[in-house]
Amino acid sequence: MSDADQQSSGAPDETVTVASIPTATHSILPRAIAAFRASDHTGRIRISDLSASEVLDAVSNGDVDFGIDFIGAQDPSFDFQPLAEDRFALAMRQDDPLAEKSAIEWTDVDPTRFIAVWKGSGNRMLIDNALAKARITLDWAYEARHLSTALALVEAGVGVSALPLSAIPDSAQSLIVARPLVEPEIVRTIGLVRRADATLSPTAEKLYQTLLSLATIEA
């Protein structure tokens, strides 16, 4: 069958392509795929773990059916449907003195121990913009391109890092704990993003709707 025939018929071997920020591939997407399969939906699913800007580029270029991202909501060329709110928190070891606090102000963070995320990342832009508006300057001692690297440094006791809660492990076996960062509080909205003029295949639409059904905030 041609690709067009497979899309119109929802053929079992139809491939759905999804671009997603890494934190969503650890939390939101697996639950949706499990629910998708439990409903006897078929089709292959190809997942691309990309940065926020790369996800948006993949959607814009038509390389994927849709994406999961936290940018693109203000661009009229995209349709953005919110899925979850993801607050930033300070990740630290359980034995860190700051762990005794219920919440931590940005001005309490020691810059000589601060592990910043890469300056070119969407998360860093959110942090820098929010701190600039609050007129807070926070220097850093380390900078990591990937959140997993920042977490590894935290676990080794090198320092602390400001990360989305979805990126911080909540396992009882983890040495890392998280405390909310306030003054200012920074929240990113994770959502489904697709081109405004896009028409999804039947299988892609089913997975898209499954994700929407698991949304924890209202659009």
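Peptide packing: for 207-215, 80-88, 40-48, the average count of neighbouring Cβ atoms within 10 Å per residue gives the ranking 80-88, 207-215, 40-48, highest mean first. Only Cα pairs under 8 Å and 6+ residues apart enter the sum, and on that basis the relative contact order of the chain stands at 33 percent. Within the straight-line cut-off of under 13 Å between alpha carbons, the aspartates and glutamates reachable from Lys119 are Asp128, Asp139, Glu143, sequence neighbours fewer than 8 places apart in one chain being disregarded.
Considering only alpha-carbon pairs that sit under 8 angstrom and 6 or more positions apart, the relative contact order computed for the stretch 86-187 is 50 percent. According to the Cα-based calculation, Rg over Rh for the stretch 86-187 is 0.92, with Rh computed by the Kirkwood formula. Using r as the Cβ-Cβ distance of Ser39 and Glu85, and R0 as 25 Å, what FRET efficiency do you calculate, to the nearest 0.05? The formula returns an efficiency of 0.45 here. Stretching the chain fully between Asp197 and Ser148 yields a gain of 14.1 nm (0.36 nm per residue, less the alpha carbon separation). Report the paramagnetic label zone for Asp128: residues of the stretch 97-121 whose backbone N is under 15 Å from a point 7 Å from Cα along the Cα-to-Cβ axis. Answer for this model: 116-121.
If R0 is 35 Å, the Cβ-Cβ spacing of Glu105 and Asp75 corresponds to a FRET efficiency of close to 0.60. Ignoring lysines fewer than eight residues from Lys101 along the same chain, the ones with Cα atoms less than 26 angstrom from its Cα are Lys133. Each helix, a run of at least 4 DSSP H residues, gives -39500 (n - 2.57); summed and divided by the residues of the chain, these come to -8500 deg cm²/dmol at 222 nm.
Rule-based calculations on the coordinates, nothing more; no lab input. Keep in mind that this is a model prediction, so the values were computed, not measured. Reconstructed Cβ throughout: ideal geometry from the backbone, glycine too, with neighbour counts over all protein chains shown.
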